[in-house]
Structures are given as structure tokens and as C-alpha cells.
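Enquirer: Have a look at this one before I ask anything.
None of the figures in this text is laboratory data; all of them are computed from the coordinates on show. From a predicted model like this one, the values you see are computed outputs, not experimental measurements. No Cβ is skipped: glycine too gets one built from the backbone with ideal geometry, and neighbour counts run over all protein chains shown.
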Amino acid sequence: MTSESVSSEFAAAAPPTDPRKQVVEALMRLAENRRWEDIELSDIANEAGVPLAKLRGLFPSKLAMLGGLTRIVDDAVLAESSDELAAEPVRERLFDLVMRRLDALAPYKAGLRRIAPVIRRDPLTMAALNRGAVNSWRYMLASAGIATEDALGGLRVQGAVLLMARVSEVWLEDDEPEMSRTMARLDRELRTAGKIMSRVEDVHRLTAPLRGLARAICSGRRPHVRRRERSDESLRRPGEDFAPAI
């Protein structure tokens with residue numbers, strides 16, 4: 001078998017490149033050496049090796065490409081999910097989740113380091129990215145067996161988003177192989193989050209009777225008030241039988 005036939009067979013067996021991932025990685029490569037505002041859509045198309053028309057079909061904006069990065073990381077973390085930590089405390093499961101996300105983000109760290117300061121100065125962009133992060137962490141927490149759909153689920157998800165953001169600030173500047181600064185920050189944030197959630201859950205339990213009473217009041221029917229029927233014989237005209245109007 002010739003080398004050409006071997007290479008052609010290998011190419012045929014290789015999995016097809018995901019064009020969305022191809023574009024996201026092109027953006028992150030450009031971000032390593034360029035300012036965010038200097039990166040044009042045409043630059044991304046050229047770097048990714050796709051026509052501009054195809055790029056438009058994949059992503060409507062650079063911000064959407066950052067959302068695509070979140071999806072890539074989600075897929076990587078969820079693919080590695082297992083039940084090994086199912087019996088561990090919530091704190092340990094969250095620690096594992098955050099560290100696995102940071103591992104998945106590591107190839108894009110140089111680009112993110114330059115993008116993050118620009119994003120933080122734009123409240124509208126931050127709000128848009130927060131919506132994507134909420135969707136992401138809903139699945140992250142579910143993969144760790146942490147409730148997200150009960151009365152406090154939304155608070156847990158948003159809390160996890162904020163925790164990840166605060167830890168990422170340190171991680172972006174932490175170049176130590178052991179990531180000791182990052183893990184120390186994560187440990188502090190988890191302790192703080194645990195105290196807050198414990199208090200919130202206590203308040204939620206204590207106010208349960210009041211919420212039940214409020215629901216009962218709100219769902220109760222208003223008392224039916226009968227109109228008083230006029231049956232005074234004096235209202236009867238001569239020669240008429242009295243009957244209330246319909």
C-alpha cells in the first residue's frame with residue numbers, strides 16, 4: 001500500500017471538522033494578538049477559511065461566537081460527567097465542575113485574557129453573556145445532581161454563574177501549573193456561597209406557612225353577593241301580577 005493511499009484512507013476516516021468550532025477557534029486565535037474592537041468579521045472568515053456568507057449562517061455576531069465557545073465548553077464538560085462524585089457534598093461537586101470548565105477553557109486562555117477586560121466595561125454585553133451563562137450552568141448543575149427547577153433553582157444557577165465569573169478573574173492571571181491562586185479563590189467563593197445558600201434555605205423553610213396562606217388567599221373565590229329581590233306588594237300595579245324583571 002502506497003503512502004498516498006494510506007493518507008487518503010486516514011483522511012476519509014477522520015471526523016469532519018465542526019464549522020462552528022472552527023470559527024470560534026479562529027476568533028480566539030485572532031484575539032490573542034488583536035484588540036477585540038479591531039477584529040472584523042471578514043478577518044474571522046479568512047482565519048477560519050470559510051466564506052463570509054457561510055460565517056453569517058453560523059453566527060450573527062462576534063458576541064454569538066463567544067456564546068459558541070460556551071457551548072463547546074459545555075459539551076466537553078458534559079461528555080466527562082460521571083456518577084463518581086454523586087455521594088460527595090455539594091461543595092465538592094461544584095469544585096469539580098468549576099475545575100473541569102477551566103480545563104476546557106485552557107486552550108482559549110490567551111484570547112480570553114485580552115477579551116475579558118473589554119467585555120466587563122460593556123453592561124449590555126455582560127447582560128447578554130449572563131443569559132447564555134445561566135443556560136450553561138443550568139446543565140452544569142444538573143450534571144452534578146444539583147436541583148435547578150425547584151423554588152430556589154434559579155438562585156442556585158445565578159449564584160453558580162457569579163461564582164464562576166469571580167474565579168475566572170483570578171484564573172486568567174494565574175499562570176502557575178498548579179493553579180494554587182485559582183483554587184484558593186474557588187475555595188473561598190464556595191464557602192461564601194454555601195453560607196448564603198444555607199441562610200436562604202432556612203428563610204425559605206420558615207416562610208413556607210406564609211406562602212401557603214398567601215396562595216390560599218389569592219386562589220380563593222370572592223363571596224357571591226345576591227342581589228336583593230324586590231317583592232314589595234306595593235310595587236304591584238293594579239291588574240298586574242308581580243314578577244321581577246329578567
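Enquirer: At q = 0.08, 0.10, 0.15, 0.16 Å⁻¹, what is the log10 ratio I(q)/I(0) for the stretch 16-204, with the Debye formula run over Cα points and no solvent?
Expert: Log-scaled intensity ratios, in q order: -0.28, -0.44, -0.95, -1.06.
Enquirer: Right, something else. Using θ = phi - 60° and the Karplus form 6.51 cos²θ - 1.76 cosθ + 1.60, what ³J(HN,Hα) does each residue of the stretch 136-151 get, whole Hz, x for Gly and Pro?
Expert: 4, 6, 4, 6, 4, 5, 4, 5, 9, x, 9, 4, 10, 10, 8, 4
Enquirer: Compute the label zone of Met99 within the stretch 121-145: residues whose backbone N is under 20 Å from the point 7 Å along Cα-to-Cβ.
Expert: Label zone hits: 140-145.
Enquirer: Karplus couplings for the stretch 181-192 from phi (6.51 cos²θ - 1.76 cosθ + 1.60, θ = phi - 60°), rounded to Hz, Gly and Pro as x?
Expert: 5, 5, 5, 5, 5, 4, 4, 5, 5, 5, 5, 5
Enquirer: Treating each Cα of the stretch 88-138 as an identical point scatterer and ignoring solvent, apply the Debye formula and state log10 I(q)/I(0) at q = 0.13 Å⁻¹.
Expert: One equal scatterer on each Cα of the stretch 88-138 leads to -0.43.
Enquirer: Moving to a separate point now. Just to check I understand the Karplus step: with θ = phi - 60° and J = 6.51 cos²θ - 1.76 cosθ + 1.60, what whole-Hz values come out for the stretch 30-41, glycine and proline as x?
Expert: With coefficients 6.51, -1.76 and 1.60, one gets 5, 5, 5, 10, 10, 5, 3, 6, 8, 8, 8, 4 Hz.
Enquirer: Here's another thing I want to ask about it. Rounded to the nearest 0.05, what FRET efficiency is calculated for Glu88 and Ala116 with R0 set to 30 Å and r the Cβ-Cβ distance?
Expert: 0.45
Enquirer: Next up: When we measure straight from the Cα of Lys62, which lysines land under 28 angstrom away, once same-chain ones fewer than 8 places off are left out?
Expert: Leaving aside lysines fewer than 8 places away in the same chain, those within reach of Lys62 are Lys21, Lys54, Lys109.
Enquirer: Pick out, in residue order, every one of the GluC sites (Glu not before Pro) in the stretch 54-95 that is DSSP loop and has at most 15 other C-beta atoms within 10 Å; say none if there are none.
Expert: Answer in residue order: Glu80, Glu84.
Enquirer: Suppose the Debye formula is applied to equal point scatterers at every Cα of the stretch 43-90; what is log10 I(q)/I(0) at q = 0.16, 0.23, 0.27, 0.28 Å⁻¹?
Expert: After summing over all Cα pairs, the log10 values are -0.59, -0.87, -1.01, -1.03.
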